[in-house]
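Reviewing the structure listed below.
The values are calculated or read from the model by the stated rules, or taken from the named source; none is laboratory data. Just so you know, these numbers come straight off a predicted model, no measurement behind them. Cβ atoms come from the backbone with ideal geometry, glycine included; neighbour counts cover every protein chain shown. Side chains are part of the model used for accessible areas, which takes the heavy atoms of the whole protein and leaves out ligands, DNA and RNA. Shrake-Rupley method; radii C 1.70, N 1.55, O 1.52, S 1.80 Å.
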Amino acid sequence: MTSPQPTSTRRLTAMQLLPALESGGVERSTLEIAEALVRAGPRAIVVSAGGRMVPRLLQLGAEHIELPIGRKSPSTLLHAFKLRRLMTELRVDVLHLRSRLPAWVGLLAWRGLPEDARPALVTTVHGLNSPSRYSQVMTRGERVICVSDTVRDYVLQHYPDTDPTKLRVVPRGIDPAAFPRAPRPDREARAWAAAQHPALAGAGPLLLLPGRGTRLKGHAGGLQLLADGPAEGFDARLRRPGAGAPGP
C-alpha cells in the first residue's frame, strides 16, 4: 500500500467517506472506528451529508466535514475536486471508503493525486450488493475489509479478478454490554410503545425487530414467528422500528 509517512510531529489522519450519518450499521461502524482512532491517537475525520449521528461523532473527539457525496446524481462526482483539495490540505494518510457512490467520488479524488501523495486506500464491503461494475468499486481498495466470510466468498465469486490476498475478514460485532443476550424487560419502554401503538398492548411477550424495511433484516421471519405464536401457546406482539425506512 502506498501512503505518505506521517512525521513524528503530527498525528496520523484517517478519513472515512459515507453518504450520511442518520442511522444504520455502516453509520454505527463508522462511529466505532472513529472512536477507536481517537483513543489510539490518530485524527479521525468523517465526510458525509450529515445527519442526527453527527453530534455523537463530535462527542467522541472526531471531526465531520459536510459534503453531499451520496446524492444520486452524476453531478455528485464533481465533489471529487473538493475532496482532493481536502485530502491535500488535511494531509490524509488513510482514506476509507464505506459506500458505493461516495467510493466512486473518493476513488476519483484519490486517483487525481500524485502517486507519492496518495493516502492508503481502504474499502469495506458491508453487504451483498447486486453484482455490477457500480458495486465493484468496493473491491478497489489496496486493502478490502469484508465483514464476514460470506461477504468475502461473495466478492470472490462475483468479482473473480479481485486479488484475494488484499481481502481481510473483520467480523462485524456488537458491544455485549449494550446488547445483552438475556432480555431486560423495561416496563416504561413497553408502556410508551403501547401508548404510541395500542396494538402492542397485552400481557404476552413483546418482540422487537429494529431495522430497515428489507428482507435482508429478517422481517419475514419475525412475522412468521408472530403468526406461529398461538399454535405454540403464546400471544406475542411485534414492534418493528425502522421498518418504514427505504431499503432493498
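Would you pick out the residues in region 79-123 that are in a strand (DSSP E or B), among the β-branched types (Val, Ile, Thr) and open to solvent by less than 10 Å² (accessible area, probe 1.4 Å)?
Thr123
Inspect region 27-42 for any residue being among the basic types (Lys, Arg) and more than 23 Å from Ile145 (Cα to Cα) and give the result as yes or no.
No, because not a single residue in region 27-42 is among the basic types (Lys, Arg) and more than 23 Å from Ile145 (Cα to Cα).
Tell me whether region 16-36 contains one or more residues that are more than 16 Å from the chain's Cα centre (by Cα) and open to solvent by 50 Å² or more (accessible area, probe 1.4 Å).
No, region 16-36 has no match at all.
Checking Ser8 against (1) among the small types (Gly, Ala, Ser); (2) modelled with pLDDT of 95 or more; (3) within 21 Å of Ala120 (Cα to Cα), only one condition comes out false. Which one?
Ser8 satisfies every listed condition except (2).
Within region 67-96, track down each residue that is acidic (Asp, Glu) and within 23 Å of Val125 (Cα to Cα).
Asp93 - this is the single residue of region 67-96 that is acidic (Asp, Glu) and within 23 Å of Val125 (Cα to Cα).
How about region 155-178: which of its residues are open to solvent by 40 Å² or more (accessible area, probe 1.4 Å), within 23 Å of Leu107 (Cβ to Cβ) and in a loop (DSSP other than H, G, I, E, B)?
Pro160, Asp161, Asp163, Val170 - these are the residues of region 155-178 that are open to solvent by 40 Å² or more (accessible area, probe 1.4 Å), within 23 Å of Leu107 (Cβ to Cβ) and in a loop (DSSP other than H, G, I, E, B).
Identify the residue in region 44-78 that is of a type outside the set (S, T, N, Q) and over 25 Å from Ser23 (Cβ atoms) and, among all such residues, is surrounded by the fewest Cβ atoms within 10 Å (Cβ to Cβ).
Pro74
For region 55-78, enumerate the residues that are over 16 Å from Thr30 (Cβ atoms) and part of a helix (DSSP H, G or I).
Passing the criteria: Pro74, Ser75, Thr76, Leu77, Leu78.
Criterion first (of a type in the set (Gly, Ala, Ser) and part of a loop (DSSP other than H, G, I, E, B)) does Ala195 satisfy it?
Here the answer is no, as Ala195 does not meet what is asked.
Between Arg181, Arg190, Arg152, which is at pLDDT below 85, open to solvent by less than 100 Å² (accessible area, probe 1.4 Å) and either under 24 Å from Leu238 (Cβ atoms) or of a type outside the set (Val, Ile, Thr) (or both)?
Just one listed residue meets the conditions, Arg190.
Pick out the one residue from Leu167, Leu223 that is closer than 30 Å to Leu121 by Cβ, free of Cβ contacts under 8 Å to residues at least 60 places away in the same chain and under 28 Å from the mean Cα position of the chain (by Cα).
Leu167
Limited to region 124-141, what total is found for residues that are over 19 Å from the mean Cα position of the chain (by Cα) and either in a helix (DSSP H, G or I) or charged (D, E, K, R) (or both)?
Total satisfying the criteria: 1.
Is it the case that Ala195 is exposed (fewer than 11 other Cβ atoms within 10 Å of the Cβ), of a type in the set (A, V, I, L, M) and at pLDDT 75 or above?
yes
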